[in-house]
Amino acid sequence: MPLVEAGYVVLDCAEPEKLAVFYKELLEAEQTDATANRVEIRAADGIRLAFRRDAKATPPSWPRPENSLQAHLDFAVEDLDAVERKVVELGGRPLETKDASGPFEERGYADPAGHSFTLRKATPTAPKQG
């Protein structure tokens, strides 16, 4: 048996129950545990997130430098537009939705508590010639 098992990415927030619903719906996850101060979920692909109550939590201000990025989640998606609609429907908001240069198409969002995350789609690239 391993000494340490895979853990959770934990996001602090004022209302863990509400934030858990956002990610549960977005990731089509199931709630695996809940206490007065923490809610845990697990998505079908195995990602495990937990939401911990912190009455004094303040959302990151990314991309502004004050109180900047504290944690950042990336999610792989096939259809950026469809997932963006789902994010907004669930109470998230776009932060940076312009097309990014490079091998990935990506868009930045904030969840209802203000944590930033990125939806990322791999763009097929042509094989190197020669």
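The values are calculated or read from the model by the stated rules, or taken from the named source; none is laboratory data. Everything quoted here is computed from the prediction, not taken from an experiment. Note that we place each Cβ from the backbone using ideal geometry, even for glycine, and neighbour counts take in every protein chain shown. Heavy atoms of the whole protein, side chains included, go into the accessibility calculation; ligands, DNA and RNA do not. Shrake-Rupley method; radii C 1.70, N 1.55, O 1.52, S 1.80 Å.
Data overview
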{"item": "Nitroxide proxy distance, nm - points 7 Å out along Cα→Cβ at LYS18 and THR58", "result": "1.9"}
{"item": "Subset of LYS18/LYS56; LYS18/LYS86; LYS18/LYS121 violating a 20 Å alpha-carbon distance limit", "result": "LYS18/LYS121"}
{"item": "Per-peptide average of other Cβ atoms within 10 Å, ordering 22-32, 109-119 highest first", "result": "109-119, 22-32"}
{"item": "Förster-model FRET efficiency, 25 Å R0, ALA76 and ARG38, C-beta, rounded to 0.05", "result": "0.45"}
{"item": "Segment VAL10-LEU95, length gained on full extension (0.36 nm per residue, minus Cα span)", "result": "28.5 nm"}
{"item": "Nonlocal amide H pairs with LEU95, under 5 Å, H built at 1.01 Å", "result": "GLY108, TYR109, ALA110"}
{"item": "Rounded to the nearest 10 Å², the accessible area of ARG53 at probe 1.4 Å", "result": "70"}
